[in-house]
Structures are given as structure tokens and as C-alpha cells.
Amino acid sequence: MLAKEEIERGLNTRLIGRKTFVFETIDSTNACTKTLGDAGMEEGAVVLAEFQTTGRGRHGRSWLAQPGQNLLFSVLLRPAIPKDLSGLLTLYASVAVARAVESMTGCAIECKWPNDLLLNGKKFCGILLENVFQQGELSYSVIGVGINVNQMEFPSELELRATSLARECRSTYDRAHLLQLILHEMDSLYDDVRRGKLESVSKEWSARCTMFGQEVSVEQHHTIISGVAVKLHYDGGLVLDTPSGTTTIYAGDVTIVG
Ligand code: BTN
């Protein structure tokens with residue numbers, strides 16, 4: 001099992017991960033971090049678990065991960081950013097994970113809107129951002145990160161779309177070290193992010209995204225929107241050119257057509 005001491009040793013961050021909570025089994029690290037947020041815990045706290053009984057994914061889906069093989073953690077943040085920019089925190093976490101994974105594996109990482117990271121076209125990481133507002137202001141954010149690190153087997157229905165770092169790079173990885181790299185990247189990007197300066201994160205995320213200029217279809221509440229993915233909107237939405245005009249979408253599952 002990953003030990004708190006192993007994670008904290010060698011962690012030289014100013015804020016992110018200065019307080020860590022490590023569990024062998026938990027319901028969901030996001031649920032636990034929300035409890036800490038409600039209780040007034042200072043920002044930067046990290047909650048990690050080796051196994052989640054009810055790991056949460058987007059749109060009420062579950063996040064399934066074999067115990068002891070992966071990274072499942074959440075970070076509590078209290079950035080002073082306007083409500084309309086709060087969705088960009090997903091891109092912030094994506095960029096931090098992409099940088100860290102690239103430096104550890106040497107493999108190029110792709111960002112897929114809105115919250116996935118891909119390796120060789122398959123998803124190895126999902127990010128679940130849960131923002132909590134009070135009187136119209138962002139009170140705190142929970143950024144949940146699930147990374148398939150050393151897991152080799154996946155359920156047959158996920159086999160074509162899901163992967164792990166170990167499967168793609170044919171090596172096993174030191175999970176504590178990878179977590180430290182990610183927390184360092186988050187820490188160094190956070191100086192700008194906490195003040196609402198998210199342009200460079202959006203730019204780096206966009207440079208890692210391959211869907212711009214491509215025909216995509218987006219499934220949203222059982223309807224499909226088709227169009228060409230143009231760019232990121234300033235608030236993290238996806239701008240699409242559709243036959244009926246330009247539109248910006250904020251949720252949905254995107255597939256590149258063809
Ligand atoms: C998605 O791709 O749908 C997002 C998945 C996010 C999963 C992570 S695992 C750690 C954290 N705790 C949760 O319950 N979910 C996130």
C-alpha cells in the first residue's frame with residue numbers, strides 16, 4: 001500500500017499536498033474531500049485511496065479501478081476565481097497530469113475534451129471536478145483524478161477504450177513518485193490559477209488536444225450534436241461549427257467522426 005510518509009517524503013510543494021490523507025479503502029476520495037471542504041479544511045489537502053467502493057465518474061457513472069495498482073486521489077482548492085471560469089480547473093489538472101506522465105514515461109499525452117487524458121488514443125486518466133458555490137461565489141473545488149497506472153486487465157466492455165501507463169509503455173511505474181510529480185506540477189501552475197489567470201493553462205491544454213478542425217459528434221442527454229470542433233471557449237466550453245451555426249457546449253461525450 002502507498003504510505004503517507006512515502007508520499008510526503010520528497011514532496012517539496014508550497015501548498016498542494018502539504019496535508020495528505022491516505023486510505024486503504026474509502027467510498028470515494030471526492031466524497032471525502034467534499035466533507036473536508038465543508039468542514040473548512042485549508043486548501044491544498046490531498047485525499048488518496050488504494051481502492052474506492054463507489055468511485056465517481058462523470059454523469060453519475062462509476063469509476064472502477066483494481067486495488068493497489070492505480071492512483072485515485074482528490075485535491076481540495078479554494079481559488080479566488082469567478083464562477084464562469086471555474087470549469088477551467090479540469091484543464092488545469094489535465095495539464096499537470098499530462099506534464100508529469102510525459103516526464104515519467106517519455107510518452108506523448110493527448111487531452112480530450114472535457115476531462116480525459118489519452119495515451120495512444122485510449123483513456124488512461126479521468127478527472128472529476130466538483131465545484132461548490134455559496135452565494136454565487138466559488139467556495140471550494142474538489143479535483144478528483146483517477147489514473148490507470150499499473151493495471152493490466154480491464155473489463156471486456158472497456159478493453160477497446162481504456163488503458164494504463166503500464167500497458168502502453170510496457171513498464172511498471174512507481175506510483176508515489178508519479179503522484180509527487182503531479183502535485184509539483186499542480187503546485188507550480190497554481191500561482192496563476194488561484195488568481196484566475198488561466199490563459200496559459202487553456203493554451204497548453206489546447207496544444208495537447210487533437211480534435212480541433214475535426215468533425216465530431218457529441219452525445220448530450222440522448223441527443224447528438226454534430227459539427228467541427230473549432231476551439232476552446234474562454235470558459236472551457238467547446239466551440240462547434242454546426243450546420244445551424246456556431247454553438248458552445250459544456251457537457252457531453254465527444255467522438256471524432258471517421
Ligand atoms: C471520468 O472520467 O468520468 C472521471 C473519473 C474520475 C475518477 C476519480 S478517482 C479519484 C476521484 N474520486 C472519485 O470518486 N472520482 C475521482
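The values are calculated or read from the model by the stated rules, or taken from the named source; none is laboratory data. Keep in mind it's a predicted model, so treat the numbers as computed, not measured. A quick note on method: Cβ atoms are made from the backbone with ideal geometry, for glycine too, and the neighbour counts reach across all protein chains shown. Just the protein is used for accessible areas: all its heavy atoms, side chains included, with ligands, DNA and RNA removed. Shrake-Rupley method; radii C 1.70, N 1.55, O 1.52, S 1.80 Å.
What's the total number of residues in region 62-75 that are more than 14 Å from L178 (Cβ to Cβ), more than 6 Å from the ligand (Cβ to nearest atom) and open to solvent by 20 Å² or more (accessible area, probe 1.4 Å)? Give the steps one after another, and end with the answer.
Going residue by residue through region 62-75, those that are more than 14 Å from L178 (Cβ to Cβ) are 62-68, 74-75.
With more than 6 Å from the ligand (Cβ to nearest atom) added as a condition, the list becomes 62, 64-68, 75.
Now drop any that are not open to solvent by 20 Å² or more (accessible area, probe 1.4 Å), which leaves 62, 64, 66-68.
Number satisfying all stated conditions: 5.
For region 232-252, what are the residues that are loosely packed, with under 15 Cβ neighbours inside 10 Å and within 22 Å of K123 (Cβ to Cβ)?
Y250, A251
I'd like the residue in region 88-114 that is in contact with a Gly (Cβ under 8 Å, 6 or more places away or on another chain) and over 23 Å from T35 (Cβ atoms) and, out of all such residues, is most open to solvent (accessible area, probe 1.4 Å). Spell out the reasoning first.
Of the residues in region 88-114, the ones in contact with a Gly (Cβ under 8 Å, 6 or more places away or on another chain) are 88, 90-91, 110, 114.
Narrowing the set further to residues that are over 23 Å from T35 (Cβ atoms) leaves 88, 91, 110, 114.
Numbers: L88: 3, L91: 5, E110: 47, P114: 24 Å².
Top of the filtered list is E110.
Check off (1) in contact (Cβ under 8 Å) with a residue 24 or more places away in the chain; (2) farther than 30 Å from L11 by Cα; (3) assigned to a loop (DSSP other than H, G, I, E, B); (4) not aliphatic (A, V, I, L, M) for G213 and give me the number that stays unchecked.
Looking at each condition in turn, G213 falls short on (1).
Report the residue count in region 115-167 for those that are open to solvent by less than 10 Å² (accessible area, probe 1.4 Å), closer than 30 Å to G258 by Cα, more than 10 Å from the ligand (Cβ to nearest atom) and part of a strand (DSSP E or B).
Number satisfying all stated conditions: 2.
Which of the following residues is closer than 25 Å to F21 by Cβ and in contact with a Lys or Arg (Cβ under 6 Å, 6 or more places away or on another chain): L179, L71?
That would be L71, the only listed residue that is closer than 25 Å to F21 by Cβ and in contact with a Lys or Arg (Cβ under 6 Å, 6 or more places away or on another chain).
Considering each residue of region 1-37, count those that are away from the ligand (no atom under 15 Å from the Cβ) and in contact with a Cys (Cβ under 9 Å, 6 or more places away or on another chain), and give that number.
Within region 1-37, residues that are away from the ligand (no atom under 15 Å from the Cβ) and in contact with a Cys (Cβ under 9 Å, 6 or more places away or on another chain) number 0.
Please note which strands (runs of 3 or more DSSP E) are completely contained in region 1-100 and include at least 2 residues that are of a type in the set (S, T, Y) and over 23 Å from G136 (Cα atoms). Let's see the steps before the verdict.
Details: elements: 20-26, 46-52, 71-77.
Correct list: 20-26.
Within region 238-258, how many residues are over 28 Å from L160 (Cβ atoms) and in contact (Cβ under 8 Å) with a residue 40 or more places away in the chain?
Here the count works out to 0.
Of all residues being at positive phi and modelled with pLDDT of 95 or more in region 14-60, which is surrounded by the fewest Cβ atoms within 10 Å (Cβ to Cβ)? Just the residue, please.
Just the residues of region 14-60 that are at positive phi, to begin with: 17, 40, 44, 59-60.
Imposing the further condition that a residue be modelled with pLDDT of 95 or more reduces the set to 17, 40, 44.
On the way: G17: 24, G40: 8, G44: 21.
Among residues in region 14-60 that are at positive phi and modelled with pLDDT of 95 or more, the one surrounded by the fewest Cβ atoms within 10 Å (Cβ to Cβ) is G40.
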